[in-house]
Amino acid sequence: MNTTDEAIEKIVILGGGTAGWLAAATIGNIFKNTSMKIEVIESDDIGIVGVGEATFPTIISIIESLGIDLVDFIKETQASFKLGIKFEDWGTVGESYFHPFGTLGQDIDSFDFYQCWLKCKAENDKTPLMAHSPESVLAEQGKFFLPHKAKNTPLSRAFYALHLDSSLAGKYLRKFAENIGVKRTEGLVEQVNLHANGNIANLVLKSGQQIRADFFIDCSGFHGLLIEKTLKAGYESWADHLPCNKAVTVQTKSVGTTPPFTTSTAKEAGWMWHIPLQHRTGNGYVYCDKFISDEQAKQTLLASVKGEVLTQPRTIPFTTGIRKKSWVKNCLSLGLAQGFIEPLESTAIHLVSNSIAHFIKLFPNKSCNPALIDQFNENVRTDYVEIRDFLVLHYCKTSRTDSDFWLWCKNMEIPETLEQKLELFKASGALNIKDGELFRSTSWYAVLEGLGVKPDNYNPMLNIWDSVKLKNILAQGSQGLKAIAQQQPSHDQFINEYCKAKEI
C-alpha cells in the first residue's frame, strides 16, 4: 500500500509550448489544492515548432475540462472554427472530398446508416454520402451554427474543432497554469544528473541553478533531451509507410471569407495545408525530399498562397514515428519528444492530451512501478498506430500516377493492421472500430468513399427493406439537413457576433 512518503511531491516539465503548458495546466489543475509542486523549465532562446494550428474536436473538451471559458480562449488565440478537412487532388487531380467530424445520418431499425446508404446507391440513388453529414453540408455552404440552439435539429449531431494560433495557445495555457500555482523557470539545461538506479536526479541549468524533482516530463521537442539523449529510449521510424520528412511553412494575411474547414491539397511530392485563423492564414507544404528539393518545395508553397506573406518560409525536418518507450524510469515524454505524426489529420494536441490522460490513470509514486510504465507505453503506442494506419490510408489508395512520389505511395507495403481493416471493409462495408479509437466509422467512410474505395457488397439483411421506402427516409434526412443549414449564419458572421478577437 502506498504511503505518503512514497508520493510524488514535485514534477518538472522540460519545455513549454503547447505540449508543456497543456501538461502543466492539466496536472496543475488536478493538484492545485495540494502540496504538489509543478515547475516548467523553458527558454525564450528556443523557438516553438508550432506546425499544428488545426485541431480535432477533443480540443473543446480539453478546454472545458480545465474550466476555461471557450469564447475567451477563441478570442485570445485568434481562433476560427473547423468542421472537417477538404481534401483536394488526393484521389485524382481535379477531384475533392470532405472528411467531416460527427456522424453520418442515423441508424435505421438498428441497421448502420452507411449500410442503408450502400443499398440505396446499389438501387441507383445518386445522393452523395456527404449529403448526410451535418458538418459537410454546413462547410459546403460556408456556414456555422450556434451549438446550444441546434438541439432537436439535425445539427445536434455536428461536432467542431478549432483553427488556432499555436503560439498564442501556449501563452494562454501558460497564464492559466501560472495562475493555479505552476512555477516557470527561464533557462537552458546544460547537464542532466542521474541517481545510481538510473532515474533522473536533477537538471543543471546554464546559470548553474540545480533543479531536482521526483518525476520529469520531457517536452523538449524532436531531440528529446531527457527521454532520448539521457535515457536512450530509442526511436521507431515509420518512414516506410509515411515517407514525408520535411515541412516548409509560411504565414499570410487572410483574404476573402473564412472557410470553416482546413484545406489539404495533394501536390507532386506531398501535400499542402491552408488553415484560416481570424487574423491570418497558416500555410505549409509537407513533402518527401527524395522527390523534391527544399527550394522547389518552398517555391511551390509561395506560388500557392493568397494574401501578403507575413513570415519568412521555415523548413522543418522530421521523421514520422514514435519513441520505442515513451516513459522510461521517472521520465515521461510528450509532444514532439514522444513522437511525430504529420499534421494531416490535426492529431498533435489530441495525442498530448490523451497521453496525459493515460498518465493520470496510471499515476505512479516515487518508485514508478514498471507495470504502470509498461501499460502506459502500450496505450500510447496503440494511439499512435491507429492514427498512423488512418493516415496511410490517405496515401496508399490514391489513383494518382502523375509523379514518382504518388507511384511510390500507391505501391507501398501497408501495415498489417490496416490491411486487415481494408479486407473487412471490402467484403461488405463493415469496419472493426475498437473502443477508444480516435477515428470512428464516419472518418473511415469519408476517406474511403472520397478515394473511390468501394465494398463488394452491403449487408444482405437490408434486403428485407423496401428500396423505395428506404430511399424516401434518406431523402427526407438530407433535404432536412440542407434546409436547416441554410438558416445558419455564415462562418464570418458567427465569429463577428460571438467571438471576434481584438485586432493585433
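The values are calculated or read from the model by the stated rules, or taken from the named source; none is laboratory data. Just so you know, these numbers come straight off a predicted model, no measurement behind them. Glycine gets a Cβ as well: all are built from the backbone with ideal geometry, and neighbour counts include every protein chain shown.
Listing for the model above:
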{"item": "Residue 133 being in contact (Cβ under 8 Å) with a residue 40 or more places away in the chain, over 30 Å from residue 461 (Cα atoms) and out of contact with any Lys or Arg (no Cβ under 8 Å at 6 or more places or on another chain)", "result": "no"}
{"item": "Test for residue 210: is it among the polar types (S, T, N, Q) and within 22 Å of residue 77 (Cα to Cα)", "result": "no"}
{"item": "Selection status of residue 377, closer than 19 Å to residue 36 by Cα and polar (S, T, N, Q)", "result": "no"}
{"item": "Residue selected from segment 375-405 under the condition in contact (Cβ under 8 Å) with a residue 60 or more places away in the chain and assigned to a helix (DSSP H, G or I), by the criterion nearest to residue 349 (Cα to Cα)", "result": "384"}
{"item": "Residues within segment 185-197 that are outside any strand (DSSP E or B) and closer than 11 Å to residue 331 by Cβ, tallied", "result": "0"}
{"item": "Unmet criterion (only one of (1) surrounded by fewer than 20 Cβ atoms within 10 Å (Cβ to Cβ); (2) of a type outside the set (Val, Ile, Thr); (3) over 24 Å from residue 377 (Cα atoms)) for residue 240", "result": "(3)"}
{"item": "Filter result (under 16 Å from residue 14 (Cα atoms), part of a loop (DSSP other than H, G, I, E, B) and touching a Cys at 6+ places or on another chain (Cβ under 8 Å)) within segment 330-355", "result": "330, 334"}
{"item": "Residue check, residue 469 among the charged types (D, E, K, R) and free of Cβ contacts under 8 Å to residues at least 40 places away in the same chain", "result": "yes"}
{"item": "In segment 389-428, residue surrounded by the most Cβ atoms within 10 Å (Cβ to Cβ) [restricted to those that are acidic (Asp, Glu) and over 25 Å from residue 292 (Cα atoms)]", "result": "419"}
{"item": "Selection within segment 198-220 - part of a loop (DSSP other than H, G, I, E, B) and either of a type in the set (Asp, Glu) or touching a His at 6+ places or on another chain (Cβ under 8 Å) (or both)", "result": "214"}
{"item": "Failed item in (1) surrounded by 18 or more Cβ atoms within 10 Å (Cβ to Cβ); (2) touching a residue at least 60 places away in the same chain (Cβ under 8 Å), with residue 113 passing the rest", "result": "(2)"}
{"item": "Residue in segment 155-168 that is touching a Gly at 6+ places or on another chain (Cβ under 7 Å), surrounded by fewer than 21 Cβ atoms within 10 Å (Cβ to Cβ) and assigned to a strand (DSSP E or B) present", "result": "no"}
{"item": "Of the criteria (1) in contact with a helix residue (DSSP H, G or I) (Cβ under 9 Å, 6 or more places away or on another chain); (2) under 30 Å from residue 187 (Cα atoms); (3) part of a strand (DSSP E or B), which one residue 233 fails", "result": "(3)"}
{"item": "Residues satisfying the stated conditions in segment 442-466, i.e. more than 20 Å from residue 86 (Cβ to Cβ), touching a residue at least 40 places away in the same chain (Cβ under 8 Å) and not in a loop (DSSP other than H, G, I, E, B)", "result": "461, 462, 463"}
{"item": "Lone qualifier among 142, 198, 181 - being under 30 Å from residue 12 (Cα atoms) and either in contact with a helix residue (DSSP H, G or I) (Cβ under 7 Å, 6 or more places away or on another chain) or modelled with pLDDT under 95 (or both)", "result": "181"}
{"item": "Verdict on residue 431 being under 30 Å from residue 258 (Cα atoms) and surrounded by 14 or more Cβ atoms within 10 Å (Cβ to Cβ)", "result": "no"}
{"item": "Yes/no for residue 206 being buried (at least 17 other Cβ atoms within 10 Å of the Cβ) and basic (Lys, Arg)", "result": "no"}
{"item": "Residues within segment 50-96 that are surrounded by 17 or more Cβ atoms within 10 Å (Cβ to Cβ), under 21 Å from residue 498 (Cβ atoms) and charged (D, E, K, R), tallied", "result": "4"}
{"item": "Complete set of residues in segment 455-496 that are among the β-branched types (Val, Ile, Thr), surrounded by 14 or more Cβ atoms within 10 Å (Cβ to Cβ) and under 16 Å from residue 117 (Cβ atoms)", "result": "473"}
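Okay, residues lined up against (1) out of contact with any strand residue (DSSP E or B) (no Cβ under 8 Å at 6 or more places or on another chain); (2) of a type outside the set (A, V, I, L, M, F, W, C):
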position	(1), (2)
422	yes, no
427	yes, no
442	no, yes
450	no, yes
457	yes, yes
463	yes, yes
471	yes, yes
477	yes, yes
484	yes, no
